[in-house]
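Okay, structure first, notes after.
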Amino acid sequence: MNRPRGASERTVRDEPWLRRYPAPSGRPRLRLVCFPHAGGNAQLFHGWPARLPSDVELLAVRYPGRQERLSEPCVESMAALTDAVDAALLPELDVPLALFGHSMGASVAYETALRLERRHGVVPRRLLVSARSAPHRARPTGLHLRGDDDLVAGVRRLGDLGSQAYDIPELRELLLPALRADYRLIEEYRPASPPPRVSAPVTAYLGRDDPGCSRENLLAWSELTSAGDFALRTYPGDHFYLAPREAELVADITKDLEA
């Protein structure tokens, strides 16, 4: 059952690739692995543990080139990123996993699910994808090839989630390399053709006013599961709907993981 508590009640541990919020119950029955968007970081999910059941452990993926990993080079290819995440998750396979990815993170979660299944015979409990067209429907914009102002403007077109930081010269200098590297990664990413299906069921989530992802392209994720189990949930808001709708989204994710 859910308990009203702050994230601080779960001891937060940073590991090279994962920020861990251990389950208060001790041994978790499930681990929820969360993948941030382009330019994003593990902090996006800091409020989620307080809203999850006490026997669910949250692992937020920590991409290099930001926050405590600021001095490390960014990863600029999908294969390199998901190979590293796959290796980081190997010690976590003693209990079932579910994968949630927002925007770029949805594609990273999909590729990670494929690796877990093919390399280790592990099928996630559910693949949860948010605000990202299915890989075979995505159309690169070339935004990572444009100037800094255009890159920032392109992000702001999607919605406002901390974008005021780009107005502060010192922060802009620190944040732009990771943003550009992430956009290069996702815009140069090409899934296999035809894109392989995962055996996990899939749930997709969408802000109804998202200018960067259409309902039709999100529904195309239904073509990438062989489980015969696909669901779509929509919420008021833009590309970053998950911040103001956090309580509702995490409650729905909890239900979806019990399905």
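The values are calculated or read from the model by the stated rules, or taken from the named source; none is laboratory data. Given the structure is predicted, the values throughout are model-derived calculations rather than measurements. Here Cβ is always computed from backbone atoms with ideal geometry, including for glycine, and neighbour counts include all displayed protein chains.
Computed quantities for the displayed model
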| item | result |
| --- | --- |
| Qualifying residue in the stretch 75-90 (condition: of a type outside the set (Phe, Trp, Tyr), free of Cβ contacts under 8 Å to residues at least 24 places away in the same chain, in a helix (DSSP H, G or I) and over 25 Å from Ala181 (Cα atoms)) | no |
| Residue that is farthest from Glu76 (Cα to Cα), among those in the stretch 160-185 that are of a type in the set (Asp, Glu) and part of a helix (DSSP H, G or I) | Asp167 |
| Answer residue from the stretch 1-54, given it is in a loop (DSSP other than H, G, I, E, B) and among the charged types (D, E, K, R) and is modelled with the lowest pLDDT among those | Arg3 |
| Any hit, the stretch 219-239, residues being within 17 Å of Ser107 (Cα to Cα), in a helix (DSSP H, G or I) and of a type in the set (D, E, K, R) | yes |
| Test result for Thr112, polar (S, T, N, Q), under 19 Å from the mean Cα position of the chain (by Cα), crowded, with 22+ Cβ neighbours inside 10 Å and outside any helix (DSSP H, G or I) | no |
| Pick from the stretch 55-74, criterion in a loop (DSSP other than H, G, I, E, B) and free of Cβ contacts under 8 Å to residues at least 60 places away in the same chain, ranking: surrounded by the most Cβ atoms within 10 Å (Cβ to Cβ) | Arg62 |
| Check on Gly212, surrounded by 14 or more Cβ atoms within 10 Å (Cβ to Cβ), at pLDDT below 95 and either out of contact with any His (no Cβ under 9 Å at 6 or more places or on another chain) or of a type outside the set (Val, Ile, Thr) (or both) | yes |
| Meets criteria (within 17 Å of Phe45 (Cβ to Cβ), surrounded by fewer than 16 Cβ atoms within 10 Å (Cβ to Cβ) and either modelled with pLDDT under 95 or in contact with a Pro (Cβ under 6 Å, 6 or more places away or on another chain) (or both)) for Gln164 | no |
| Residue list for the stretch 183-215, restricted to those being touching a residue at least 12 places away in the same chain (Cβ under 8 Å), out of contact with any strand residue (DSSP E or B) (no Cβ under 9 Å at 6 or more places or on another chain) and over 21 Å from Gly154 (Cβ atoms) | Pro191, Ser193, Pro194, Pro195, Pro196 |
